[in-house]
Amino acid sequence: MSTVTPLAASLDQRLRRAMAAVLPTGAADADPIVRPSDHADFQANGALALAKRLGTNPRELAARIATSVANDELIASCEVSGPGFLNVTLTDAAILNQVALRSGDARAGLRPGNPGRVTVVDYSQPNIAKEMHVGHLRSTIIGDALVRILEFDGSKVVRQNHLGDWGTQFGMLIQYLLEHTDDQAAPDRAESGSEAISRLNALYRTARSKFDSDSEFAERARARVVELQAGDATTLASWQRIVAESKVYFNEVYDRLGVLLDDADAVGESFYNPMLQDIAKDLETRGVAQRSDGALCVFFDGVNGPDGNPTPLIIQKSDGGFGYAATDLAAIRHRVGTLGASRLLYVVDSRQALHFRMVFETARRAGYLPDSVEAVHVSFGSVLGPDGRPFKTRAGDTVRLISLLDEALDRARITVQEKNQSLVGELLDQRAREVGIGAVKYADLSTGRARDYVFDIDRMVSLNGNTGVYLQYAHARIHSILRKASAADLAASIDTTGALEPAERRLAMLLDELAPAIVSVTDTLEPHRLCGYLYSLAQAFTDFYEACPVLRAPTDEVRANRVILCRLTGDTLKIGLALLGIEAPDEL
Ligand code: ARG
């Protein structure tokens, strides 16, 4: 469905066209079925099915196609093998031409497809007055990469940070604050985000234990929830303060991570509160939801609890309160009806799979989610600690995100210093940030998102293996070559008459595969596919660099060609890393 189309058609597309043009009359619609091959550059298998259709011998048909296509400037050789496969090797000139067409273009020759499509991405979604945890980190990183990739693909993307900023817990927080103005309130001076969140965390704990142990306080806290819902000015003001203080902290984390989220994207659960009554009424009138023991519920075939009883989606509790599900239904109606979404993505951990299944199904039944709109739970696995269990501190608390990122920066600083001792001061800080944050993001994104992974900082900042640093280093190495290249080489255009060394050829062919790598992410919403591509590209570059001297190339033409190849590889790595939200400095 997705269509990041190469500005210059890719080599396999060109080959497909060349072959389609020589198919027997009456069979021009047949697919030549061109695939990359281990035996040649490509294999075309279309002759088999076509021969069956035409009632001819497949080997003979393949041989005829081979003869007719042999003169195409793309093709160096086209040979029949097996029952009627065609093994195709391209000319070096065709490959060099392709490099020429892409090089120097800010998008490496790719043009956006999918104009007019609106994708709403719900991600990050931390909860007010609580520390963000590693699950929120995953959602933020994966969501950010998907947003960048979908935008590159030409989709209009609306970011929605579905903050947990509403609910009964605010009753106890606000009540406690109002009763203890002295100890838990914000100080007069400006607080940092981390200070604010530590204070709010402590407030949460004290208020919670008072709520659990003091029934009169619990009563007052419940009454406070009613005041909040009724819009009482003092209560609202206190709520707003808590929300604002938490946002300072979230923004500090977003800033640290270098993600696109900003205040305008924060559309929390409270935003939907005024719509919930109507949602409940509407679902009941349409017969989608029914009263059961006083609660308004939606039931599903085959969704049962451990006791065998059906597990409903609860729209409204018997005490009249609305919860998480009602809010998500209102959000769907808003995103489809008002924001005009054609695709809804929810980057949320896999434990919420059932919730989203029931919410999507309910929205379909109610007509909030027409068939033309796709809704996907982009689910992901857990982040594990070194012991292979869900990531917690030794005391069993959630690990503070900021300290985790600080640690990644410290380790990255060591890696960077080992590579380049002359780096000091602010520049060293900046590199440590680019490498450390890049390492954390890449480790997350390069793991298939359904999988759990161990948060292992040493591995993340390692220069060996499939890491962000490895890719950043490959990019920086290319720039160090380019800095040494002469102005004449940098200005030269490609000479398409030369012959390519095998490693050079492999690199050039791989450069042509950025578009399919991106399309595979927009189709599957799995960023690790792009990571895998970039890693192979960096490896192919290493092989090329070992086998083919660049600045000491045998002739001026070969040297200029190799400089251009280096530059396009560097640009492709930079574009790919940028799509993952990772910096690619020119020097490490
Ligand atoms: N705030 C929730 C949590 O921390 C995640 C919200 C996910 N998004 C949504 N639209 N339900 O678990």
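The values are calculated or read from the model by the stated rules, or taken from the named source; none is laboratory data. Not measured: the values here are computed from a predicted model. No Cβ is skipped: glycine too gets one built from the backbone with ideal geometry, and neighbour counts run over all protein chains shown.
Key figures for this structure:
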| read-out | value |
| --- | --- |
| Residues (under 13 Å from the mean Cα position of the chain (by Cα) and either of a type in the set (Val, Ile, Thr) or within 15 Å of the ligand (Cβ to nearest atom) (or both)) located in region 128-153 | Leu137, Arg138, Ser139, Thr140, Ile141, Ile142, Gly143, Leu146, Val147, Ile149 |
| Residue in region 59-79 that is within 24 Å of Pro516 (Cβ to Cβ), of a type in the set (Gly, Ala, Ser) and in a helix (DSSP H, G or I) present | no |
| Region 334-352 - residue that is free of Cβ contacts under 8 Å to residues at least 60 places away in the same chain and over 17 Å from Ile142 (Cα atoms) and, of those, surrounded by the most Cβ atoms within 10 Å (Cβ to Cβ) | Val336 |
| Scan of region 488-517 for residues that are over 19 Å from Leu96 (Cα atoms) and at pLDDT 95 or above, ordered by number | Ala517 |
| Top-ranked residue of region 152-205 - restricted to ones that are β-branched (Val, Ile, Thr) and at pLDDT 95 or above, ranked as surrounded by the most Cβ atoms within 10 Å (Cβ to Cβ) | Ile174 |
| Candidates Ala503, Ala517 - the one that is within 34 Å of the chain's Cα centre (by Cα) and under 30 Å from Glu151 (Cα atoms) | Ala517 |
| Cβ-Cβ under 6 Å pairs, at least 6 apart or on other chains, region 442-463 side without any contact (Cβ under 8 Å) to a residue 40 or more places away in the chain and more than 13 Å from Ser139 (Cα to Cα), far side surrounded by 17 or more Cβ atoms within 10 Å (Cβ to Cβ) and among the hydrophobic types (A, V, I, L, M, F, W, C) | Ala443/Met460 |
| Condition check for Leu313: within 16 Å of the ligand (Cβ to nearest atom), modelled with pLDDT of 95 or more and either in contact with a strand residue (DSSP E or B) (Cβ under 7 Å, 6 or more places away or on another chain) or among the charged types (D, E, K, R) (or both) | yes |
| Evaluation of Lys156 against (1) touching a residue at least 60 places away in the same chain (Cβ under 8 Å); (2) away from the ligand (no atom under 16 Å from the Cβ); (3) under 33 Å from the mean Cα position of the chain (by Cα) (one fails), failing number | (1) |
| Residue that is nearest to Thr362 (Cα to Cα) [pool: residues in region 268-299 that are assigned to a helix (DSSP H, G or I) and among the hydroxyl-bearing types (Ser, Thr, Tyr)] | Thr285 |
| Test for Ala331: is it within 37 Å of the chain's Cα centre (by Cα), within 16 Å of the ligand (Cβ to nearest atom), modelled with pLDDT of 95 or more and in a helix (DSSP H, G or I) | yes |
| Every residue from region 353-388 that is of a type in the set (S, T, N, Q) and surrounded by fewer than 16 Cβ atoms within 10 Å (Cβ to Cβ) | Ser372 |
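Let's see how each residue does on (1) within 33 Å of the chain's Cα centre (by Cα); (2) farther than 14 Å from Ala330 by Cα:
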{"position": "Asp255", "(1), (2)": "yes, yes"}
{"position": "Asp263", "(1), (2)": "yes, yes"}
{"position": "Gly268", "(1), (2)": "yes, no"}
{"position": "Asp282", "(1), (2)": "no, no"}
